[in-house]
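Engineer: Sharing a structure with you now.
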Amino acid sequence: MIIKTFVHILPDGTKGKFTIREKEINGELFYFANAIDIESEFYIKKTPKERNKYLGVEITNGNQKTIYYRSAERLENDIINRYGNEDLETEI
């Protein structure tokens, strides 16, 4: 389920669209995010309908493992304040 979508400019100037979603894992709710550079040629070539459906790629750590948080608000805060400067760490 999609919790929230927002646009944020990363420290390197990339304009990203982030979509926070929830997933149940072992009976517990966790939150993860997808990201897409909305100024990329790939994204711009999509129709508005395709853009609304396309969530981008999951935010992962250096080992290509999805980052999961227990709080959607904390995940959003870390994307805004830390993502692009430092790696985010999963809570599972």
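The values are calculated or read from the model by the stated rules, or taken from the named source; none is laboratory data. Keep in mind that this is a model prediction, so the values were computed, not measured. Cβ placement follows ideal geometry from the backbone for every residue including glycine, while neighbour counts extend to all protein chains displayed.
Engineer: Considering the range 61-81 alone, what residues qualify as being outside any helix (DSSP H, G or I) and surrounded by 12 or more Cβ atoms within 10 Å (Cβ to Cβ)? Break it down into steps so the answer makes sense when it comes.
Structural biologist: Of all residues in the range 61-81, those outside any helix (DSSP H, G or I) come to 61-71.
Residues satisfying the conditions are N61, T66, I67, Y68, Y69, R70, S71.
Engineer: Find all pairs meeting these conditions: Cβ atoms under 6 angstrom apart; at least six residues apart or on different chains; first residue within the range 68-92 and more than 16 Å from G16 (Cβ to Cβ); second residue of a type in the set (A, V, I, L, M, F, W, C) and exposed (fewer than 13 other Cβ atoms within 10 Å of the Cβ).
Structural biologist: Hits for this filter: Y68/I92.
Engineer: Let me ask you something else. Six or more apart or on different chains, Cβ atoms under 9 Å: show the pairs whose first residue is in the range 12-28 and assigned to a strand (DSSP E or B) and surrounded by 12 or more Cβ atoms within 10 Å (Cβ to Cβ) and whose second is of a type in the set (F, W, Y) and at pLDDT below 95.
Structural biologist: Final answer for the pair search is G16/Y83; F18/Y83.
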